[in-house]
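Working notes for the structure below.
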Amino acid sequence: MPVWLREYSWRQSPSAVYLSLPVRGLRVTPGSIFCTEQYLKVSIPPFLFEAILYAPIDDTNSTAKIGNEVIFFTLYKKEAAMWDSLTLANANKEKLQCLRENAVLRAHEKAKEETEAKKVTKQEHKKYALEATMKLEEAERKRIEDLKEKERQKVTRDLELWKKQQDAEKQKRAQKEVELHQEVEQLKEKKKEKMNKTRIPTEETSKTRLKTTRGHGSYSMFSENLKEEQLPAPRAAATIKINFTSRVFPTALRESRVAEEEEWLRKQAEARRTISADLSELEDLKEEEKNPDWLKDKGNKMFVTGDYLGAVNVYNLAVRLNNKLPLLYLNRAACHLKLRNLHKAIEDSSKALELLTPPVPDNENARVKAYVRRGTAFCQLELYMEGLQDYEAALKIDPKNKTIEEDAVKIRHLIQGTTQDS
Amino acid sequence: KIEKPKSIKCGTFGATSLQQRYLATGDFGGNLNIWNLEAPEIPVYSVKGHKEIINSIDGVGGLGIGEGAPEIVTGSRDGTVKVWDPRQKETPVANMEPVQGESKRDCWTVAFGNAYNQEERVVCAGYDNGDIKLFDLKTMSLRWETNIKNGVCSVEFDRKDVNMNKLVATSLEGKFHVFDMRTQHPTKGFASVSEKAQKSTIWQVRPLPQNRDIFMTSGGAGSLHLWKYEYPAQRSKKDSEGAEMGVAGSVSLLQNVTLSTQPISSLDWSPDKKGLCVCGAFDQTVRVLIVTKLNKV
């Protein structure tokens, strides 16, 4: 149960009510005062003071001054009239309750409205600030554009001037040439006429060459010496022998590819060196039959003549000797294709592709072949999607190959045909 | 408009006099021809100089610049660099070829330099394996070589007709190197500074004729970059053995612009108007540009 504060004193003027409420020893904060149009409450737990005002007041402008041990309220009346008393007299409990609730509701609404209004103003401020900065930036940009435009115009004007200058100079030069020519003619005639011992101090040359230096023309007048340029004789022919920094690949050197290329070269070198575990049968073989390269050639020859089984055998032996040479697997895959051992063909092509990493321009050819062979095998097994993937990979490496392109198109049609039927 | 049977790869006016204005071209078949553009049916000079395409050509001694005999140098995919004199038919004046048995590398670019008097000449050649070789024509020997780790697309001296001052070499992978050519160290060669400009190949470099410290590079991404070279406080210093060693300066980017999505493969400055330049790109356009404020650089 709150403790009611009942000691208060008040006086009034036509427009305002002055209420003074002693709060001895109590800490009053602005939060403890709650005021609406017709209801005033001061709550400092456990103390409570409330008043249902006689008439409505303007609660926004009314003030409360918290001084030592007293709160002084200045309440401005909505209607200028004299109140009979501070509070409404016959206020029973229910009415009080109602009024209180109303008051609280109204206060809430007001608070909400206030926050809304604040938000709106904040938005507007932000927008304004943004617009202001945008305008500034626009102005800056425009200034730079203007500068550039001016510069551009100036330069075009200069260029035009310069062009005209050049034309004028050309004309002048042409004129001078004509004049010089005429003078030459005249002097020639004079010489013929004179025929005396004293020669004209200058030498006549068969051609009058105008020597122009960079920038402006210096016109040698006829009276000056015109010497033909003494060019040195052509050099004595000679050869200089040079050496190049070595490079294995025929393509140009690029720093970013160096790492990959080194890896590929290293792999190739290793592949040559590995000789897999000895097998007792190997001792029966002749020397040359132990060389995987020789075996590869033999296999190739058999493939060409059509002896596919024989070729497969030879490649098998070669692989046992050295299982790191990708070309062996590649060629064996081709044989298997011809023999319609499709799964084996796929295996061998895949193994070849594995060994053909990293991808460098050097092993492009091999990779294209591997993809094509594997693709063919897939298609013959009716696994068209996988086949198409491989064909497209091959096409990516070598986009210019027409046969691959045509085959890829065929496969696509096949796929579309089967999906339509099912 | 004139058409010839074989595609032409490169050309230069560098070796002709200002009146004659003959164009020297190298074509895809390895032929070097010099044409009089007023009578283009028959070349003034023609020789099947190389077995494969002539990648690059340069001329010196003409246009009123420099002294000495007019000469043309061609670099070809067959790995040789040959110097021709238009007055001597059929045989080159100098031939830089690989030693017997050596596998050949593509020569991608050639340039003349150091032509400050009648005898001195130097040819610089860049190859696809990153080699740069400097040949001295007066002594007919290899003067210097180095490898810049990327195929060399273009070499240019900052001026052909002075004691060789700077050499810019551009390469694949967006790098270029500027060599200070005034001081050659017996083992270390020339000092250089290198810069990575863009991710793509730098196809061409051309120094501004009016100011040899400014040069423009054109890139595979269709962009042009304008650079300025600043000399160091001291261009040469002594190393531990007392031999003179060059000191490279620094390069700073002045401006760049992207003109096209295709590589800009060739570029040239006008010798008359400072800042006027023309460039040709793979998108089949020729663009004329003007660079302003070069006086204030």
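The values are calculated or read from the model by the stated rules, or taken from the named source; none is laboratory data. Note that the coordinates shown come from a computational prediction; the quantities given were computed from them, not determined experimentally. Cβ: placed from backbone, ideal geometry, glycine included. Neighbour counts: every protein chain shown. Each accessible area value is taken on the protein alone, full model and side chains, heavy atoms only, with ligands, DNA and RNA left out. Shrake-Rupley method; radii C 1.70, N 1.55, O 1.52, S 1.80 Å.
Residues of segment A:340-352 include none that is under 15 Å from A:ALA366 (Cα atoms) and at pLDDT below 85. Checked against (1) touching an Asp or Glu at 6+ places or on another chain (Cβ under 9 Å); (2) open to solvent by 20 Å² or more (accessible area, probe 1.4 Å), B:GLU195 passes all but a single condition, namely (1). Among the residues of this structure, A:LYS351 counts as one that is assigned to a helix (DSSP H, G or I), closer than 26 Å to A:GLU261 by Cα and not hydroxyl-bearing (Ser, Thr, Tyr). Of all residues in segment B:199-226, those satisfying the criterion of being more than 14 Å from B:VAL251 (Cα to Cα) and open to solvent by 20 Å² or more (accessible area, probe 1.4 Å) are B:LYS199, B:SER200, B:THR201, B:TRP203, B:GLN204, B:ARG206, B:PRO209, B:GLN210, B:ASN211, B:ALA221. Annotation: B:LYS82 fulfils all but one of (1) farther than 13 Å from B:VAL122 by Cα; (2) at the interface with chain A (Cβ under 10 Å from one of its Cβ atoms); (3) open to solvent by 10 Å² or more (accessible area, probe 1.4 Å); the unmet one is (1). Taking segment B:226-251 as the range and being under 23 Å from B:TRP269 (Cβ atoms), part of a strand (DSSP E or B) and in contact with a Phe, Trp or Tyr (Cβ under 9 Å, 6 or more places away or on another chain) as the test, the residues that pass are B:LEU226, B:TRP227, B:LYS228, B:TYR229, B:SER250, B:VAL251.
Do you know which of the residues in segment A:259-301 that are under 22 Å from A:GLU354 (Cα atoms) and open to solvent by 100 Å² or more (accessible area, probe 1.4 Å) is modelled with the lowest pLDDT? Checking each candidate, the answer is A:ILE275. Residue check: A:LYS400 meets all listed conditions (1) open to solvent by 20 Å² or more (accessible area, probe 1.4 Å); (2) under 37 Å from the mean Cα position of the chain (by Cα); (3) farther than 30 Å from A:SER256 by Cβ but one, namely (3).
Listed by first and then second residue, the pairs linking a residue in segment A:141-160 that is part of a helix (DSSP H, G or I) to a residue that is surrounded by 10 or more Cβ atoms within 10 Å (Cβ to Cβ) and at pLDDT 90 or above, with Cβ atoms under 8 Å apart and 6 or more places separating them unless they lie on different chains, form an empty list.
Is it true that B:LYS160 is open to solvent by 10 Å² or more (accessible area, probe 1.4 Å), in contact with a strand residue (DSSP E or B) (Cβ under 9 Å, 6 or more places away or on another chain) and within 13 Å of chain A (Cβ to nearest Cβ)? When the stated conditions are applied, B:LYS160 passes them. Could you say whether any residue in segment A:26-36 is open to solvent by 80 Å² or more (accessible area, probe 1.4 Å) and under 60 Å from the mean Cα position of the chain (by Cα)? Yes - at least one qualifying residue is present in segment A:26-36.
In segment A:140-147 there is at least one residue matching the filter, namely being within 14 Å of chain B (Cβ to nearest Cβ) and within 60 Å of the chain's Cα centre (by Cα). Considering only residues in segment A:229-257 that are among the β-branched types (Val, Ile, Thr) and more than 7 Å from chain B (Cβ to nearest Cβ), the one that is nearest to the chain's Cα centre (by Cα) turns out to be A:THR251.
Out of the residues in segment B:107-141 meeting the condition of being among the charged types (D, E, K, R) and at the interface with chain A (Cβ under 10 Å from one of its Cβ atoms), tell me which one is farthest from A:ALA238 (Cα to Cα).
Among those that are among the charged types (D, E, K, R) and at the interface with chain A (Cβ under 10 Å from one of its Cβ atoms), it is B:ASP128.
Give A:ILE52, A:ILE66 a once-over and let me know the one that is closer than 30 Å to A:GLY25 by Cβ, in contact with a helix residue (DSSP H, G or I) (Cβ under 7 Å, 6 or more places away or on another chain) and either part of a strand (DSSP E or B) or open to solvent by less than 40 Å² (accessible area, probe 1.4 Å) (or both). Within the list A:ILE52, A:ILE66, the selection yields A:ILE52. Screening B:GLY62 against (1) surrounded by 17 or more Cβ atoms within 10 Å (Cβ to Cβ); (2) in contact with a Lys or Arg (Cβ under 6 Å, 6 or more places away or on another chain) leaves a single unmet condition, (2). For segment B:267-285, the set of residues classified as away from chain A (no Cβ under 14 Å), within 20 Å of B:GLY14 (Cβ to Cβ) and open to solvent by 50 Å² or more (accessible area, probe 1.4 Å) consists of B:ASP268 only. Within segment B:255-275, the set of residues being in contact (Cβ under 8 Å) with a residue 40 or more places away in the chain and within 22 Å of B:LYS199 (Cα to Cα) comprises B:THR261, B:GLN262, B:PRO263, B:ILE264, B:SER265, B:SER266, B:LEU267. Residue-level analysis places B:LYS175 among those that are within 9 Å of chain A (Cβ to nearest Cβ), among the basic types (Lys, Arg) and farther than 14 Å from B:THR109 by Cβ. Scanning segment B:8-38 for residues that are over 20 Å from B:ASP268 (Cα atoms), open to solvent by less than 70 Å² (accessible area, probe 1.4 Å) and part of a loop (DSSP other than H, G, I, E, B) yields B:GLY29, B:GLY30.
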